[in-house]
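Notes follow once the structure below has been shown.
The values are calculated or read from the model by the stated rules, or taken from the named source; none is laboratory data. Given the structure is predicted, the values throughout are model-derived calculations rather than measurements. Here the Cβ is made from the backbone with ideal geometry for all residues, glycine too, and neighbour counts use every protein chain on show. These area figures cover heavy atoms from the full protein model, side chains too; ligands, DNA and RNA do not enter into them. Shrake-Rupley method; radii C 1.70, N 1.55, O 1.52, S 1.80 Å.
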Amino acid sequence: MTPLSPRLTKLSLLIALSVGVSACNSTQTDSSGAQSKADEAVQFIQKSEKQLSDLSIEINRAEWIYSNFITEDTAALSAAVGEKQTATSVKLATMAANYTQLPLDEVNLRKLNILRSSLVLPAPLDPEKNAELASISAELNGLYGKGKYCFEDGRCLTQPELSAIMAESQDPAELLEVWKGWREIAKPMRPLFKREVELANEGAKDLGYANLSELWRSQYDMKPDAFSNELDRLWGQVKPLYDSLHCYVRGELNEAYGDEVVSGQGPIPAHLLGNMWAQSWGNIYDKVAPEDADPGYDVTQLLSEHDYDEIKMVKQAESFFSSLGFAELPDTFWERSLFVQPKDRDVVCHASAWDLNDLDDIRIKMCIQKTAEDFTVIHHELGHNYYQRAYKDQPFIFKNSANDGFHEAIGDTIALSITPSYLKQIGLLDEVPDASKDIGLLLKQALDKVAFMPFGLMIDQWRWKVFSGEITPEQYNQAWWDLREKYQGVKAPVLRGEENFDPGAKYHVPGNVPYTRYFLAHILQFQFHKALCEVAGNEGPVHRCSIYGNKEAGAKLNTMLEMGQSRPWPEALEVVTGTQEMDARAVLDYFAPLQVWLDKQNSEANRQCGW
């Protein structure tokens, strides 16, 4: 699965604020003292909130048009609105910082802190540098969106088309060519990214942060270093399961390809794992699955046999949410979303969910492939849309998820209920396989989800080190592969020098989308799933549970979604799970039978695990 289908929840994550709030320009204490200052702060918040709500529609529309019609003109329009956005947001974020020490009520103080820290790419106060940053950002996005690789026979393929080859090919030479070819698009990004980091770091310092790394890590209702420690704790819980999976997969690939292609020891070459970025490994399931674990069905094949086209796939995902008690999607969703890659123009195919007016104009933008993977991705994207609609009545500043990992987790929580029993309920499957097939099903899930976790963690580990200066521009590519080996046990299949910029081949780097949210989502979705299954009265193994049709579970989920970002994320977490602490033990519980099986296979094959 691509949780990952990398996703953009909405452009407003860059929180754009407008200027012209006349009452806020003075930060001097008047004769009324502290109370007058506090009143001024509240007035600042109210006026800013109204104006940024209006401005967000302009921003979202410009970005929607650009993402769906990539031309020089739409790029210029995107850059212009981006320049306006970043200039005003930095200006008012700086002003907001001047009010945060006042004796304000809890709600307004929270709004001020969100305004100060919610920027992803803060521009310097210098107008020329702001314009430069906006232009660079648009150019990086365009380089990715227009990227293609041309074969010697004249075929020029886009990223989704190349990814299909990575998923299906059995030829290591072809896999290597596609892997290398796609990364050619990133080479021109390197100097642009370097300058972008310099400018954004300057903007972060203008807001009172040491660098962009500190700003990004300040958005989680805890101190930046405490958040980093929290990630280490969660990864430490999951790593033993990942190590067992890595060891097993490497051994099976070694048997399939031989020592010359993949060694039985050390890191796994990245082009052999069925995915352009080796971020999830579900596409190599057939190569590594045990002989007796075939559940007897393939969802891609079932979709074809039952005449599922792109629209029907989305309709089915909608019906899952409806079964939980959520209202159907509005007509405008079906009229305005992009479901199929156009033949006549360049678009950003990367799957994303959009909320254009912060009320009901919700959409997805996706070049849907009629596959099991995209069936899951559709559920993921709709999770964003239902979250967006649930918090539409919150004040504008709180129209967001409890933390960004929550936004990514909701759709994947639903997707965990795409079990054989659910497939039977909706008529895709005739019979539910017995428990003897669970190992195969769990292995496929682990190849998608457990394999992803270290990748979800390392991208921002790399960026945070870049932002802080720990990784210099001369070390970009080497540090990237060092971290991939450290966390994933994956290596480049060929020597990659500093003339390359392999991070840029992953959408979220040129697109400036923080990535830690996806790691958090992979922890939270299992926590949510386990808790909602308990609400639904599930008594069997949690990996066999589906909450489809359970309105009590849907009501509890909706209560959390409606909170938006109005309360610290631990309080939102507690609504569904009963605890205020993220906990990866739910992951271990879900995959417990698989962990036992993996360790047995590795032991019997006398494999030396680790890398």
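Over 29 Å between Cα atoms: which of Lys239/Lys444; Lys315/Lys392; Lys287/Lys600; Lys84/Lys315 fall into that group? In this structure, Lys84/Lys315 lie more than 29 Å apart at Cα. Converting phi to 3J(HN,Hα) with the Karplus coefficients 6.51, -1.76 and 1.60 and the offset θ = phi - 60°, the stretch 281-287 yields 10, x, 6, 9, 3, 4, 6 Hz in sequence order, with x at every glycine or proline. Its Cα gyration tensor gives the stretch 516-564 an equivalent ellipsoid. The semi-axes, each the square root of 5 times an eigenvalue, are 19, 16, 7 Å from largest down. Relative to the dominant Cα principal axis of the chain, helix 72-97 is inclined by about 60°. Electrostatic tally near Thr371: other residues with Cβ closer than 12 Å to its Cβ, Lys and Arg +1, Asp and Glu -1, net -4. Phe227 sits among other residues whose Cβ lies under 13 Å from its own Cβ, and their net charge, with Lys and Arg +1 and Asp and Glu -1, is -3. A Cβ-based charge dipole, computed about the Cα centre of the chain with Lys and Arg at +1 and Asp and Glu at -1, lands at about 1100 debye.
Based on Cα contacts under 8 Å between residues 6+ apart, the stretch 512-577 shows a relative contact order of 33 percent.
Whole Å is fine, so just give me how far the alpha carbon centre of the stretch 532-564 lies from that of the stretch 81-129. A separation of 37 Å, based on Cα centres.
The relative contact order of the chain, computed from alpha carbon pairs under 8 Å that lie at least 6 residues apart in sequence, is 19 percent. For the stretch 324-431, the convex hull spanned by the alpha carbon atoms encloses 130 Å³ per residue.
Of the residues Cys150, Cys349, the one with the largest accessible area comes first in the ranking Cys150, Cys349, computed with a 1.4 Å probe on protein heavy atoms.
Report, to the nearest 10°, how far helix 224-257 tilts away from the longest principal axis of the Cα atoms in the chain, using its own Cα long axis and a range of 0 to 90°. Computed tilt is about 20 degrees. The count of lysine pairs in the stretch 473-559 with alpha-carbon distances below 28 Å, taking only pairs 8 or more places apart or on different chains, stands at 4.
As a test of the formula, what do you get for the chain when each DSSP H run with n ≥ 4 contributes -39,500 (n - 2.57) and the sum is divided by the residue count, at 222 nm and rounded to the nearest 500 deg cm²/dmol? For the chain, the value works out to -18000 deg cm²/dmol. Using the 1.4 Å probe convention, the accessible area of the chain works out to 37 Å² per residue with neighbouring protein chains retained. When a 1.4 Å probe is rolled over the protein heavy atoms, the share of accessible surface on the stretch 512-603 that falls to carbon and sulfur comes to 46 percent. The angle separating the long axis of helix 106-117 from the principal Cα axis of greatest extent in the chain is about 70 degrees. Once C-alpha pairs closer than 8 Å and six or more residues apart are averaged by separation and normalised to the residue number of the stretch 64-218, the relative contact order reads 27 percent. Electrostatic bookkeeping for Ser401 treats Lys and Arg as +1 and Asp and Glu as -1; over the other residues with beta carbon under 10 Å from its beta carbon, the sum is 0. Look at (i) 71, 67, 65; (ii) 80, 56, 46; (iii) 95, 69, 54: the one that is Cα extents along the principal axes in Å derived from this structure is (ii). If you look at the Cα atoms of the stretch 354-487, you get an Rg and a Dmax of 19.3, 57 Å. Pairs of alpha carbons in the stretch 76-221 separated by more than 25 Å make up 47% of all such pairs. Near the amide H of Lys187, within less than 5 Å, lie the amide hydrogens of Phe501, all on another chain or at least 5 residues away, with H placed in the peptide plane. Computed over protein heavy atoms with a 1.4 angstrom probe, the accessible surface ordering of His522, His306, largest first, is His306, His522.
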